[in-house]
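Okay, so here's the structure we're looking at.
The values are calculated or read from the model by the stated rules, or taken from the named source; none is laboratory data. Quick caveat: nothing in here was measured; it's all calculated off a predicted structure. Methodologically, a virtual Cβ is constructed for each residue, glycine included, from the backbone with ideal geometry; neighbour enumeration extends over all protein chains shown. All accessible areas refer to the heavy atoms of the entire protein, side chains included, with ligands and DNA or RNA removed. Shrake-Rupley method; radii C 1.70, N 1.55, O 1.52, S 1.80 Å.
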Amino acid sequence: MNAVHKIETVHWVGDVDGQLVLIDQTLLPVAFQEHTCGTVEDVWEAIKMLRVRGAPAIGIAAAYGVCTGLQPFAAADHDSFFDRLDEVVKYLAESRPTAVNLFWALDRMKRHASAMRDAASVREIRIALLKEAQAIHDEDRRMCHEIGRIGAELLTDGQGVLTHCNAGGLATAEYGTALSVFFTAQDQGKQVHVFVDETRPLLQGSRLTAWELKQRGIDATLICDSMAAQVMREGRIQAVITGADRIAANGDSANKIGTYSVAVLARAHDIPFYIAAPSSTFDLSIASGAEIPIEERASEEITHGFGRQTAPEGIAVYNPAFDVTPAELIKAIITERGLIEPVSVQTIAERIGGNA
Ligand code: MRU
């Protein structure tokens, strides 16, 4: 599949009675196909099954999911409408536990509706909620470009960089967080060579990041996760940049399983390890990464990945989808509000404090 595609991770079609359309990421890189969500159950399923994934994209999809879930209550009275809003928000919040952007977006939608409760009709509130979802979407787009601009300053021409999982356009409104840094560096005329961890078990690196980098003509080399140490020792990597799903008040950062090992390897080889994430990924209500809920996914993702059995029947399996990189391994966090360096409770509060 060599065509160049416009990456519109999610978009809303129509007015308040419209539908959410998203790129079905489970089919990439073999097929580029859109998936329409006409009900809130469809949106929940799309998030749960990773048709749409990546912390910011999950938040955006969930915000539109709220609009979808309220459609059958267009003619309801205020009390039933707000009961339904609570139900829809609770339901969507159960789709995935780790990325805080999901809860951040749902909370923002709920607060927006509550502020209008006494002064507006149900239809007016529905229209305002769709606008709020679109605002979340647009803000993410802007944050990604700003992260790219700030992060690109850290890279110089000819460097090798490693990334893990997919923190690209597919994981956000567009352009990405970690990948935005590479795209912006390229726009500035810097040649960077990106090493892409394949990212077991669901291969977001090889299926999605490698695909996005090829789409944009960035030099990239795919490696298995277990090869990162060797590639670092060979001197091919001068920086590591990944995204994040939730960043605690002290800077501990949850991201795709395997990120922590990459950060340990980077420290062992004296390579700077950066996180690129928008302010919506910070959770200042928790003091450290120990409080971040880590999603556990089905054992079949390991034993029967992509349709083929690769482990003996009945073997015990542990499949945490995320891990937490301690703040002391992170050189800086690249946010749309500027670079957070060093990473500490104080520097995070200074930059992100207004967001909690
Ligand atoms: O399970 P996924 O594919 O949703 O995990 C995604 C990641 O871990 C990303 O690195 C993270 O959400 C940052 S996306 C800008």
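A few remarks follow.
- Looking at Ala298, Ala276, Ala311, just one residue is surrounded by 15 or more Cβ atoms within 10 Å (Cβ to Cβ) and under 30 Å from Val30 (Cβ atoms), and that residue is Ala276.
- Single residue of Val52, Val122, Val88, Val66 found to be touching a helix residue (DSSP H, G or I) at 6+ places or on another chain (Cβ under 7 Å) and within 16 Å of the ligand (Cβ to nearest atom): Val52
- Selection status of Arg142, under 19 Å from the mean Cα position of the chain (by Cα), at negative phi, in contact (Cβ under 8 Å) with a residue 40 or more places away in the chain and open to solvent by 70 Å² or more (accessible area, probe 1.4 Å): yes
- Residues that are in a helix (DSSP H, G or I), of a type in the set (D, E, K, R), open to solvent by less than 10 Å² (accessible area, probe 1.4 Å) and in contact (Cβ under 8 Å) with a residue 12 or more places away in the chain do not occur anywhere in the stretch 64-86.
- At least 3 residues being open to solvent by 50 Å² or more (accessible area, probe 1.4 Å) is the threshold, and among the strands (runs of 3 or more DSSP E) wholly inside the stretch 208-263 not one reaches it.
- Just one of the numbered conditions (1) closer than 28 Å to Gln204 by Cα; (2) free of Cβ contacts under 8 Å to residues at least 24 places away in the same chain; (3) surrounded by fewer than 17 Cβ atoms within 10 Å (Cβ to Cβ) is not true of Lys131: (1).
- Sole exception among (1) of a type in the set (A, V, I, L, M, F, W, C); (2) within 11 Å of the ligand (Cβ to nearest atom); (3) without any contact (Cβ under 8 Å) to a residue 40 or more places away in the chain for Ala277, by number: (3)
- Restricting attention to the stretch 173-198 and to residues that are of a type in the set (S, T, N, Q) and either more than 13 Å from the chain's Cα centre (by Cα) or open to solvent by 20 Å² or more (accessible area, probe 1.4 Å) (or both), the residue that is nearest to the ligand (Cβ to nearest atom) turns out to be Thr184.
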